[in-house]
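Computed from the coordinates by the stated procedures, all read-outs in this text should not be read as laboratory data. Worth saying up front: this structure is predicted, and the values here are computed from it rather than measured. All Cβ positions, even for glycine, are placed from backbone atoms using ideal geometry, and neighbour counts span all protein chains on display.
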Amino acid sequence: MKKDHPDRVAALETVIAACRICREAPRPNAPPLPHEPRPVAVLSSQARILIAGQAPGLKVHETGITFNDASGNRLRDWLGVDRETFYDRSKFAIVPMGFCFPGYDEKGSDLPPRKECAPTWRQAVIAAMPQVELVLAIGQYAQGWHLGEKRLKSMTETVLNWRAYLGSNAEGPKVLPLPHPSWRNTGWLKKNPWFEEELLPVLKALVRDYTE
Ligand code: SF4
């Protein structure tokens, strides 16, 4: 394993915790964040797995605890871990594409991750965690960033191609694309039984290997 580097990670977490870009200096033509920023991300100098999520929902925003909701319960079930293991930062780093709850659209759905966040922070965050060996890229935004041009046209096609990504010899951590564990994807899970039958057993085995 590569050298532990806790100071670098702690320093970055401190700077991110104070970030107010989306409130005070949003990108041109974007409305400011409609509430006080509360970045929620778990960086780690030891974890070999990075959970690359989307953005916090309201419950996560209110509690400051990532995946502290029904989506988190489903994700923990997919990973085969309990809450204690999931929140052990020596085992999992948890870094969404947008660190703050982005608010709701006019239909009451969560807005996408703020576009200011990844360009501002993500390179530095990834560079501060060189020990990561596996990225779980949850949803289209994380897949777009972590797979780049290798992402396919739709989230379904991308997740279906999971074996190719895992088997890739590219440098850097392996990337396993996953759908978002939100209740909104319950229909998707029913339509794509291969996900639970074929991908999840491999995911659970990888998690066991990388968290021992
Ligand atoms: S979403 Fe990211 S860039 Fe925007 S205020 Fe929060 S931490 Fe800063």
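Relative contact order for the stretch 6-211: 24 percent, from Cα pairs under 8 Å spaced at least 6 residues apart, divided by residue count.
What separates the Cα centres of the stretch 27-68 and the stretch 98-170 is a distance of 13 Å.
Fewest to most neighbouring Cβ within 10 Å: what's the order for Glu171, Glu62, Glu36? Placing the least packed residue first, the sequence is Glu171, Glu36, Glu62. Run the helix sum for the chain: -39,500 (n - 2.57) per DSSP H stretch of 4+ residues, divided by residue count, reported at 222 nm to the nearest 500 deg cm²/dmol. Value at 222 nm, helices only, nearest 500: -9500 deg cm²/dmol. Pick out, from Ser168, Pro6, Ala205, the residue whose Cα sits farthest towards the positive end of the charge dipole of the chain, with +1 on the Cβ of Lys and Arg and -1 on the Cβ of Asp and Glu. It is Ser168, whose Cα lies furthest towards the positive end.
Legend: residue pairs Lys59/Lys91; Lys107/Lys190; Lys153/Lys174; Lys107/Lys150; Lys59/Lys107, Cα-Cα distance threshold 27 Å; pairs beyond threshold, Lys107/Lys150.
Between Leu152 and Leu166, with labels modelled 7 Å along Cα→Cβ, what's the label distance in nm to one decimal, could you check? Inter-label distance under the simple model: 1.5 nm. The radius of gyration of the Cα set in the chain, together with its Dmax, comes out at 16.5, 47 angstrom.
Restricting the count to DSSP beta bridges whose residues both fall in the chain, what percent are antiparallel, rounded to a multiple of 5? DSSP beta bridges in the chain are roughly 15 percent antiparallel. The Cα atoms of the stretch 108-187 cover 38, 30, 20 Å along the three principal axes, with the biggest extent listed first.
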